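Have a look at the structure below, then the notes.
The values are calculated or read from the model by the stated rules, or taken from the named source; none is laboratory data. All values reported here derive from a predicted model rather than from experimental measurement. When we count neighbours, we look across all protein chains shown, and the Cβ atoms used for this are built from the backbone with ideal geometry, even at glycine. Keep in mind that these areas ignore ligands, DNA and RNA; they rest on the heavy atoms of the full protein, side chains included. Shrake-Rupley method; radii C 1.70, N 1.55, O 1.52, S 1.80 Å.
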Amino acid sequence: MTESQASNFTPRVFSGAQPSGNMHLGNYLGAFRNWVKLQDQFDECLYCVVDMHAITVWQNPSDLRDQIREAAAAYIASGVNPEKSILFNQSQVSGHAELAWVFNCVARLGWLNRMTQFKDKAGKNREKATTGLYVYPNLMAADILLYKGTHVPVGEDQKQHLELTRDIASSFNENYEAEVFPLTEPLIQAEGARIMSLRDGTKKMSKSDPSDLSRINLTDDVDAISKKVRKAKTDADAIPSEVDGLEGRPEAKNLLGIYAALSDKSLADVCQQFGGQGFGDFKKDFADLATSHLAPITTEMARLMENPDHVDDVLRKGAERARAIAEPVMNEVKDVIGFLR
Ligand code: AQP
């Protein structure tokens, strides 16, 4: 967003995660932890459980209900304050679907064809992928722009979708000769930007990885974490004392990187600290650090999940606050387009 355009819009952060499975350490280090910090830097933050994105691939209905609550619990347990930030699930605010349709009529096929995430997720089964998965980036643009979101914390992997959001916003503004939407800025965080699978250092840690050993879930207890760390793939070489020594060693780099992110140190400092040691000893320290860091989150999530009515209430109240921002924006969009209301 240009300086002059930025000043026309209230600074507002939007971000979300899909309730498509167990929330994991990648979500925490790449997103939630950062969201918590942003609460102190911005007056308005919206943190959404993007359940409509989750159904772009099949979700069992009763599992989905639990996953939505669990995602909300993960946000709160990580430090998102639902009194300050607006915490809600996407499907309770109909403006997301309405604006997504408008954007389906703005975005071009050529733009969507370039999206690498669709290619990755659809894989060889492209013909069988849902159309929802294909137009997912348009819904993501709607999520952000329904609130005229000016800043979005994104992982590296979401950068391309945010570019598309900016293209959609500027096309819409240009087509209708009205400055309705901001050009949203990405907030990319350096440390912990991409946490990789514990089984394959070239693949990102992901909820949908069939191997539970590939990720540390935020609901994992001490034993589960210790087991996963013990079984995490490494190589036979010792830990290098310089970052350069991690070249071509994705699993080693990932474990040291996670350690650095959890201990708020640089990767270089962690290499210095453990340089020359084998991974056996390092893994013990790693497991201790991960469990002590995650235990309060796990405990708070479990406490919240024992009271689903409370979580539902938080989401309902958040959705009401979200609707209060979204409705005037949607009305403005309808007026600009020429819809009667
Ligand atoms: N491995 C990761 N490292 C760093 N950040 C990550 N995020 C997800 N995985 C990592 C960040 O978490 C936020 C929410 O992501 P999401 O759940 O909406 O979608 P995703 O990136 O597709 O996550 P998954 O786990 O890979 O889900 P599935 O398997 O269902 O597709 C985002 O900010 C994301 O960058």
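What the table shows:
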{"quantity": "Accessible surface, 1.4 Å probe, highest first, among residues THR56, THR10", "calculated": "THR10, THR56"}
{"quantity": "Choice from ASN104, ASN138, ASN60 with maximal GNM fluctuation in the chain (Cα, 10 Å cutoff)", "calculated": "ASN60"}
{"quantity": "Farthest toward positive dipole pole in the chain [+1 Lys/Arg, -1 Asp/Glu at C-beta], among PHE9, LEU289, ALA100", "calculated": "ALA100"}
{"quantity": "Sparsely packed chymotrypsin sites (Phe, Trp or Tyr not before Pro) within the range 22-89, loop by DSSP, other Cβ within 10 Å at most 11", "calculated": "TRP58"}
{"quantity": "Residue pairs, from the table LYS159/LYS253; LYS37/LYS317; LYS207/LYS283; LYS148/LYS265; LYS203/LYS227, whose Cα atoms sit over 25 Å apart", "calculated": "LYS148/LYS265"}
{"quantity": "Candidate aspartates and glutamates for bridging to LYS121, where Cα separation is under 14 Å - those fewer than 8 sequence places away on the same chain excluded", "calculated": "ASP157, ASP209"}
{"quantity": "Heavy-atom surface of the range 212-302, accessible at 1.4 Å and reported per residue (Å²)", "calculated": "46 Å²"}
{"quantity": "ASP63-ARG194 pseudo-label distance in nm [points 7 Å out on the Cα-to-Cβ vector]", "calculated": "2.7 nm"}
{"quantity": "The chain, helix-only ellipticity at 222 nm - DSSP H runs n ≥ 4, -39,500 (n - 2.57), divided by all residues, nearest 500", "calculated": "-16500 deg cm²/dmol"}
{"quantity": "Solvent-accessible area per residue, Å², over the range 100-154 with all protein chains present [probe radius 1.4 Å]", "calculated": "50 Å²"}
{"quantity": "Calculated FRET efficiency for the pair THR299/ALA268, C-beta based, R₀ 35 Å, to 0.05", "calculated": "0.60"}
{"quantity": "Förster radius 56 Å - calculated FRET efficiency between LYS84 and LYS119, Cβ distance, rounded to 0.05", "calculated": "0.90"}
{"quantity": "Tilt relative to the chain, helix 61-78 - C-alpha long axis, 0 to 90 degrees, to 10", "calculated": "70 degrees"}
{"quantity": "Loop-located GluC sites (Glu not before Pro) in the range 237-297 whose Cβ has at most 13 other Cβ within 10 Å (DSSP)", "calculated": "GLU242, GLU247"}
